[in-house]
Amino acid sequence: MSKQTMIEQLHRDYKRSLTRNKRWVHFFQIIIFLTFFVLWEIASRFHWIDPLIFSSPSKVWELLKENILDGSIFPHIWTTVFETILGFIIGTVAGTILAAILWWSPFLSKILDPYLVVLNAMPKVAIGPILIVALGPTMTSIVVMGAIISVIITTIVVYTSFRDVDQNYLKVLQTFGATRWQCFKEAILPSSFPTIVSTLKVNVGLSWVGVVVGEFLVSKQGLGYLIIYGFQVFNFTLVMQSLFIIVIFATIMYKLVEYIEKKIVKNG
Amino acid sequence: MSFLEIQDVTHSYFSKQSKTTALIDVSLSIQEGEFISFLGPSGCGKTTLLSIISGLIEPTIGHVLLENEKVTGTNKKTGYMLQQDYLFPWKTIEENIFIGLKLTKQLNEKTKQNTITLLEKMGLKNVSKQFPSQLSGGMRQRVALVRTLATNPKLLLLDEPFSALDFQTKLKLEDLVFSTLKQFQKTAILVTHDIGEAIAMSDRIYLFTNRPGTVHRVFHVPDELRREIPFHARSHEQYSDIFQEIWKELEELEQTNDD
């Protein structure tokens, strides 16, 4: 056997071992998934756990099917998804604008520094009740809740990325007599795009928290409302079903943002 | 009056803990069309002096006159080329070389065409739509040179523009930069710590002392060397004489520093 064919053979073996490894990973992922739901179902049937509290996959599935067929679940889904998307877009945009203002004026950023630290440390959901009193028990409060939870951390992360842009890029622009605005537009903002997009990924998760908590506090519609309603009437099948839908949609949104990130970072 | 006059420039950097004097009493004058090198150890304030000449920073004391006008901020007469190319990775080559024209509001069909022609003269055809990451280090530095020349500055400041390149690319680029600048009759100041590069490229060499930096000695490169392109200058018989002379001077400088 020549060296060449030997290397070919080894490469084939290597590729095969990679595929095999991947298959095993998938296998165990599916095993975990099935075990979880099967155990849950069995435990519930045999009353190892209280079926009234923990419900069971079959009951959740029945309820979900019923709600999809009569269409009653969709308004709840759209409300929550809409609020979350709006919340996280507002949070990210506002955070980026705030970061730009801080970058613009180093003096202002020094003044505001301790306030940012305090606001960042404060659990944002704690001001939920105040928001609702101030803005009224409407969708606005919930969207604001979804935005406010991510705005400060976005400001801090994006501002840091603005400041960390290689000063030599600015030097290049300044030698052409660029104004501060031109520096921002040509160098600071585009080089921070990857950071902004990666904060989007964090903010999707945060906005779900804000919106669901907002809906807990006040709402007539939405997945958070269904959870709190199910809790009040002791219908935990409804709670589980809503939780299940939230997991699905949160994952979809996260994956979407991840996809956008890949596109943007590749071009950068 | 000379093209560029540097008059008693002293510059200090201030911080809470300390004050660092980077330059002290630097005076020199440069005629139009000359190629000058600032040679000296790292940290001798060469880059500071370039920044002062370009108007990026204002000297603590003294001033710079360019064509009899006091330099008070960046201006169209001066182009600056940095140690690395610093091409914007998210812009295409075309957008990168047009940036100076765009910022100075001179971007039109004619200037665009001129810049593209210059790019092609540098041996870079069909790269306008590519991104910097697709180009090699030498190609990128050539693009950076085109970007600097696009706004047609009279004075070029070159801050160790070849130091990040491999030796072969560096020699080739030295020739290219040298002949391009001679062709367009630009005045140029090259900052370097490479003695050979300074001799091969320039008409005059200012040797700087270490911090605080000031002109220690001026070397005039012999006419025979000045006429040659850098690659040939390096193999000229007079090259090693002046190299030895500067080398000795630098050694002595270091010894006085150590004492």
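The values are calculated or read from the model by the stated rules, or taken from the named source; none is laboratory data. Quick caveat, the model's predicted, so the values are computed rather than measured. Neighbour counts run over all protein chains shown; Cβ positions are idealised from the backbone, glycine included. What goes into the accessible areas is simple: the full protein's heavy atoms, side chains included, and nothing from ligands, DNA or RNA. Shrake-Rupley method; radii C 1.70, N 1.55, O 1.52, S 1.80 Å.
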Output the number of the condition that A:Ile142 fails; it satisfies all remaining conditions of (1) under 17 Å from A:Ile90 (Cα atoms); (2) in contact with a Leu (Cβ under 8 Å, 6 or more places away or on another chain); (3) hydrophobic (A, V, I, L, M, F, W, C). (2)
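Mind checking which residues of segment A:187-208 are farther than 30 Å from B:Ile99 by Cα, of a type outside the set (D, E, K, R) and touching a helix residue (DSSP H, G or I) at 6+ places or on another chain (Cβ under 6 Å)?
Once the filter is applied, which keeps residues that are farther than 30 Å from B:Ile99 by Cα, of a type outside the set (D, E, K, R) and touching a helix residue (DSSP H, G or I) at 6+ places or on another chain (Cβ under 6 Å), segment A:187-208 yields A:Asn203, A:Val204, A:Leu206, A:Ser207, A:Trp208.
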Just one of the numbered conditions (1) within 26 Å of A:Ser219 (Cα to Cα); (2) of a type outside the set (Phe, Trp, Tyr); (3) at pLDDT 90 or above is not true of A:Leu39; which one? (1)
Do you know which of the residues in segment B:63-90 that are closer than 11 Å to A:Tyr169 by Cα and of a type in the set (A, V, I, L, M, F, W, C) is farthest from the other protein chains (Cβ to nearest Cβ)? B:Leu87
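Among the residues of segment A:142-157, how many are surrounded by fewer than 22 Cβ atoms within 10 Å (Cβ to Cβ) and either of a type in the set (Gly, Ala, Ser) or touching a Phe, Trp or Tyr at 6+ places or on another chain (Cβ under 6 Å) (or both)?
Count: 0.
So that you can scan it fast, the table gives a plain yes or no per residue for (1) surrounded by fewer than 21 Cβ atoms within 10 Å (Cβ to Cβ); (2) among the aromatic types (Phe, Trp, Tyr); (3) without any contact (Cβ under 8 Å) to a residue 12 or more places away in the chain; (4) out of contact with any Phe, Trp or Tyr (no Cβ under 8 Å at 6 or more places or on another chain):
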site	(1), (2), (3), (4)
B:Leu145	no, no, no, yes
B:Asp159	no, no, no, no
B:Ser179	yes, no, no, yes
B:His193	yes, no, no, yes
B:Arg211	yes, no, no, yes
Output the residues belonging to segment B:126-135 that are more than 14 Å from chain A (Cβ to nearest Cβ) and in contact with a helix residue (DSSP H, G or I) (Cβ under 8 Å, 6 or more places away or on another chain). B:Val127, B:Ser128, B:Leu135
Can you list the helices (runs of 4 or more DSSP H) lying wholly within segment B:183-259 that have 1 or more residues being over 28 Å from B:Glu67 (Cβ atoms) and modelled with pLDDT under 80? B:223-227, B:230-234, B:237-258
With the requirement that a residue be among the aliphatic types (A, V, I, L, M) and outside any helix (DSSP H, G or I), what does segment A:100-148 give you? A:Met122
Within segment A:249-268, which residues are at pLDDT 90 or above and either closer than 16 Å to A:Pro75 by Cα or open to solvent by less than 30 Å² (accessible area, probe 1.4 Å) (or both)? A:Phe249, A:Ala250, A:Met253
Top-ranked residue in segment B:73-108 [being among the aliphatic types (A, V, I, L, M) and not in a strand (DSSP E or B); ranked as nearest to A:Phe176 (Cα to Cα)]: B:Leu103
Would you check which residues across segment B:43-72 are surrounded by fewer than 21 Cβ atoms within 10 Å (Cβ to Cβ), within 15 Å of the chain's Cα centre (by Cα) and part of a loop (DSSP other than H, G, I, E, B) and list them? B:Leu56
Somewhere in segment B:94-108, is a residue facing chain A (nearest Cβ under 10 Å) and in contact (Cβ under 8 Å) with a residue 60 or more places away in the chain? no
Within segment A:158-194, the count of residues that are more than 11 Å from chain B (Cβ to nearest Cβ), under 23 Å from the mean Cα position of the chain (by Cα) and surrounded by fewer than 19 Cβ atoms within 10 Å (Cβ to Cβ) comes to 1
Wholly enclosed helices (runs of 4 or more DSSP H) of segment A:1-78 bearing at least 1 residues surrounded by 10 or more Cβ atoms within 10 Å (Cβ to Cβ) and of a type in the set (Asp, Glu): A:3-45, A:57-69
Residue in segment B:109-121 that is surrounded by fewer than 20 Cβ atoms within 10 Å (Cβ to Cβ), assigned to a loop (DSSP other than H, G, I, E, B) and either more than 12 Å from chain A (Cβ to nearest Cβ) or touching a residue at least 60 places away in the same chain (Cβ under 8 Å) (or both) present: no
Spot the failing condition for A:Asn120; the list is (1) touching a residue at least 24 places away in the same chain (Cβ under 8 Å); (2) open to solvent by 20 Å² or more (accessible area, probe 1.4 Å); (3) closer than 30 Å to A:Phe231 by Cα; (4) of a type in the set (S, T, N, Q), and only one is missed. (3)
